[in-house]
Each structure stands twice: as C-alpha cells, then as structure tokens.
Amino acid sequence: MAKNVFKGRSLTVIEDLSIDERRYFFRKCYELKQAAISNDKAKLDEFRINDKDFGIYEVFLENSTRTKESFRNAANFHHAKVSELMTSSSSINKGESYADTFNMLTGYDNSIFIVRSQVEGLCRWLDDESADYTRRNNLPVKPAFINAGDGKHEHPTQELLDEFTFLEDNGMDFSNIHVALVGDLYHGRTVHSKADGLKLFDKVKVDLVAPPELAMPENYLEKMKENGFEVNVYSSIEEYLSGNHDIAKMWYFTRPQLERMGERILQKQDILRESITFKKDFLDRIPVGTKFYHPLPRHKEHPTIPTWLDSTDLNGWERQAINGMYVRIILLAIIAGKVGDDYVAPEKEEKVVADEDYIVKVDVSGKKNEKKKVYSEGVHPIENGIVIDHICRGDRPDDIRNHMRLISSVLNIDSDRGGEWISRGSDGAYKGIIFRPGEYELTRKDLKRLAAVAPGCTLNVVRDGKIEAKYRMHMPPRVYNFDDLSCKNESCISHPSQGENVPALFYRTPDGHFECAFCGKSHGFKEIWKGGKN
Ligand code: CP
C-alpha cells in the first residue's frame, strides 16, 4: 500500500497542502457531510479515528469561539481526547519561551497542537523546534502543529472551510471562481490566506473592495498576481456596484479588526466601516444568486453584513461556519492517518535544479594585457585590495551612500582604510563604489553576505594592479545563518523584540524580494539586516 502522505503533517500555512492534496481533502469533506446529512452511521465510522490515546491540545493565546469549539467537537466525533493549555495561568506569563512551553507538552505524548496567537509564524517555528526536541529525547512521534490563526498572517483551517463552502456552491467545480473580498483586507488573516488558497481553482478573478486604509497589503496583492489571478481594486461597495464591470456572485466579507488597528485608523473606524457595510439599496444592484460569506464573528452593534440579511438567500455564512466542523474532522483524520491511504499523488515532473549561481565568477584572463584604464572623478586605482562596483545602480545618491554604509558594516570593513564613491554612468544613472586597499581573503560566506546585501554589484579582487578575480552578485535564493539578519515585522516570531531567539530566514520571491519564512513579510534587500531601513 502507498504511504499515507498526510500522516503527522503540520498545517502552518495553506500552502503546506498542495493543490492536489486539497482537492482530495475536499472530496473527503463532501463524502463526510453527505454521510452526516443522511445519518449513514457506517459511512461516518469510516472517518473516525477511534483511538483514545490520540488527542488534540488546544493552545489559544487569542480569543476564539468557532475555531476552538469546532476542533473540540471534531475531536469528540473521533472519540479522541481534548486537552487545553490554560494560557492565562501558564508559565508563558513568567517569561518562558514558546519553544520551551511546547517542547514540554510534546514530552507529554501529544499528537496535534492547535495554536492561535498574535505572534506570526509561531507554528512554523514550533514545527521546526519540535523536530529537534523529538530527536533529542528519542520520542516516538513528532507532533503536528495546526495554525489556528497567527496575527494578521494566515488562518489556514479557515481557508479550508471557506474553500469547501465555495466549492459546495460551485458544484464542486475546480475550474474557476470569481469572488469579491470585502472589508478589512489589511488586517484580516483569512483574506491573506486566499492569496495562495484560491490557487485551488484553475482560473481566479478577485475583486478587492476596501478603503485605502484597509487595502490588501502589497505583498499579498503581488502574490495574487504572480499566481495568475485577475485582480481588480475598489475603494467601497458603492464604487464596486457603480462601474461597468462584472459583479461577483460570491462576496466574502471580513470584519474590521479593531484589535489590530493603530490609533490613527481606529479614529476613522466609522467612516471606514461605512464603505464596507452592505445597505438595503444595494440589494437590486447585485446579481441574482449572489451568496455572502463571512469567517465570523461579526460585531453585534456594527455588523458589515446586517442581521436583516440572515433570513435571505444571500446567507452563506451560517453554512460556512457549520462546515468548519466537517472540515476539521477530516483534517484531524488525515493527520492521524485514518483517511488518506487512497490518495495518489500526481506524477511530478522531475525538475532539474541546477546549482544556482548567484555568485558568478567572471573570466578575467583575457584582460591581463589590457592597457591601464584612465580613471575619472578622482578614483585612483588601487594596487592591492577589493573594489565593489555597481552598487544600487539607478538609485538616488543619498540612498546609495546610506546603503554603502550598511554594506561596509555587513562585510565588517567599516574601520578599514579606503572609501566610498558615487559615480554617474553614460546613461546618467548613479552607482556606488566601495574600495578598500589591502590584503583580503574573502570566504564563500563573505561573498554570500555581499550578494544578499548588494545584489547587482560586482566585486573585483585586485593584486599587483591587475584584477585577479571578478564576481557578479545576484540575490541568493535563501538567506539565513547570519546573526545580523532581522525580519522587520514586530509581530513575527523571529523579530528580536519577541525575545524568542528565533534566527531570521528569508526566501527570495519571483519579484525580487526577500520573504520572511515565518510571517511571510516581504522585504527589499536593504531591509533584512538589523541596521537596514525599515
Ligand atoms: N472564524 C474564526 O476564526 O472565528 P473564531 O475567532 O471565533 O475562532
């Protein structure tokens, strides 16, 4: 029998399950729900874990009703045990780290942790840490971690139930979707999960409806476009309904996340809410058959989906919340290995990944007999040393100068002889040059640091007045293992202010940014260093 690919897996972001795995998952959710509706006890039993030693451990460091209680009820369905950490009286409040707390609970033979926190990327970090802890202590099983919502980052299990509800209303058709995301798209983690979540559908059109203060963050907008979605932006429901364009039949509302807003935005909350609240006179301007969805809760005094809509055909949000339990039953079942044996992964095309050359050595052998160059603007060639050229080509001189300071500090050549220069090419573009006379033996690690802090530059190693070696630097695909890296998101588990000693780790994105591996925040290459701009 093929190995169950789901068993023991964590779900820290929606992309932890592939598109094909999610399609299988939703077919199982559908089967389960049909069995529940028809009260087919034998069929329901096929999904049950039925193992009293199997259990979930709920750790909710932020408030919750639906996620927490639907997991609890899903565990009850499985006859599995449910434990809960009383976070308000735990030693986290005495300054214990998350890693120590969860490692301890791992030692008490727990299978699945369900974690909600305002700290972004927490589950991803705990998943890594618990692997080490499990190994160190010869524990039989590494626990799985399910992200039940982390700050304004992601809410992958909500994404699963949202997708399942869209599919129910789409006749379980994966071919296309047109959905409007309406509300606080800036702080709402459920809409951020949609940037990757909606990849489930072959063709995706997304209409983003939010005032500029609550607009979708740039990195998620970029990700949607990279994922091939057609994206349109509107500043209010009124504007969305006024234009000459297709109006989506699926509207996904998300509430203003008052608890995550700064004072400046909070002061404007009434005006902002106005632009994303549905009104009676909109009713005859929406397509026939429209459905509204909402992850809930909605605010009792200021609901953006008013309660007079509850008894209309627009109401998709109540069934959506009910689906939360079915989806979480299947999630626990696949992680326990109860469901998933019949999943056959599609044949993957063997990708030949060449060792990526982000440090490209340039052949300088033909240049040995070149005539001596005539240098302009006072740069006197050095006999021995290094010259870093083409720094931040095209930027403004003051930005280039600031960045050259950071490069010197990152390479630890601050206190050496030499200098910095800004020159202008024949195309009029400015570029920076750092030169340091002396003997330099740069290691591969030094070159990687230079590539990460100054992609696009060239490094010349000069000996006896000749260029002995020349390198062109490009952005590395991963940057990690340097003490002076730092994610700029203060809510990220790897941010120094969290005090969790989590080493920063960045991945390069297709659009030339570095994305934090924990919270997903997108950074320019100048921003990933402790001394870099914010
Ligand atoms: N949708 C959702 O996550 O609800 P709770 O905050 O009540 O869990």
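The values are calculated or read from the model by the stated rules, or taken from the named source; none is laboratory data. All values derive from a computational prediction rather than experimental measurement. Positions of Cβ are generated from backbone atoms using ideal geometry, with glycine treated the same way; all protein chains shown enter the neighbour counts. Protein only, heavy atoms only, side chains kept; ligands, DNA and RNA dropped before computing areas. Shrake-Rupley method; radii C 1.70, N 1.55, O 1.52, S 1.80 Å.
Some points to look at:
- Dipole magnitude of region 359-476, debye to nearest 20 (Cβ charges: Lys/Arg +1, Asp/Glu -1, about Cα centre): 340 debye
- FRET efficiency, T65 to K268 (Cβ-Cβ, R0 25 Å, nearest 0.05): 0.35
- FRET efficiency for the pair R72 and N501, taken as 1/(1 + (r/R0)^6) with r the Cβ-Cβ distance and R0 = 25 Å, rounds to 0.15.
- As a rough guide to protection, the peptides 505-518, 113-126 ranked by mean Cβ packing within 10 Å, highest first, stand as 113-126, 505-518.
- Euclidean distance between Cα centres, region 136-182 to region 311-348, Å: 9 Å
- Cα centroids of region 110-134 and region 377-426: 43 Å apart.
- Only lysine pairs 8 or more places apart, or on different chains, with alpha-carbon atoms under 24 angstrom apart are counted in region 397-534, and they number 25.
- Applying 1/(1 + (r/R0)^6) with R0 = 51 Å to the Cβ-Cβ distance of A2 and D416 gives a FRET efficiency near 0.30.
- Relative to the longest principal axis of the Cα atoms of the chain, the long axis of helix 19-37 makes an angle of roughly 10 degrees.
- Between amide H atoms placed 1.01 Å from N, distances below 5 Å from L11 occur with F145, I146, N147, all of them 5 or more places distant or on a separate chain.
- Carbon/sulfur fraction of accessible area - the chain, other protein chains in place, 1.4 Å, %: 47 percent
- Residues of region 191-213 with an amide N closer than 13 Å to a point placed 7 Å from the Cα of R23 along the Cα-to-Cβ direction: 199-203.
- Compared with the direct C-alpha span, the chain from E226 to D446 gains 76.0 nm at full extension, assuming 0.36 nm per residue.
- Protection proxy ranking, peptides 415-428, 469-482, average beta carbon neighbours within 10 Å, highest first: 469-482, 415-428
- Averaged per residue, region 359-476 has 58 square angstrom of accessible surface, using a 1.4 angstrom probe with ligands and nucleic acids left out.
- Excluding same-chain neighbours fewer than eight residues apart, the lysines reachable from K28 by a Cα-Cα span under 17 Å are K7, K41, K43, K338.
- Karplus-derived HN-Hα couplings along region 161-175 (A = 6.51, B = -1.76, C = 1.60, θ = phi - 60°), whole Hz, x at Gly and Pro: 6, 5, 4, 4, 5, 4, 5, 4, 7, 9, x, 6, 9, 8, 6
- Largest-first ordering by accessible area, 1.4 Å probe, given options T101, T443: T443, T101
- Directionally averaged shadow of region 457-522, computed from the convex hull of its alpha-carbon atoms, nm²: 5.8 nm²
- The chain: relative contact order as a whole-number percent, Cα under 8 Å and 6+ apart: 14 percent
- Cα-projected label distance for F282 with I322, points at 7 Å along beta-carbon direction, nm: 2.5 nm
- Distance between the pseudo-spin-label points of N481 and E238 (7 Å out from Cα toward the beta carbon): 5.7 nm.
- When each of the peptides 221-231, 88-98 is scored by how many other beta carbons lie within 10 Å of its residues on average, the order from highest to lowest is 221-231, 88-98.
- Estimated D of the chain in µm² per second, where Rh is the Kirkwood radius over Cα pairs and Stokes-Einstein applies at 10 °C, 1.306 mPa s: 61 µm²/s
- Legend: residue pairs K68/K94; K223/K291; K205/K249, Cα-Cα distance threshold 22 Å; pairs beyond threshold, K68/K94; K223/K291.
- Helix 66-77 vs. the chain, principal-axis angle (Cα, 0 to 90°, nearest 10): 60 degrees
- Region 1-57 and region 464-478 have Cα centres lying 51 Å from one another.
- Cα-based equivalent ellipsoid, region 359-476: semi-axes from gyration tensor eigenvalues, Å: 20, 18, 15
- Degrees, to the nearest 10: 317-336 long Cα axis against longest axis of the chain: 70 degrees
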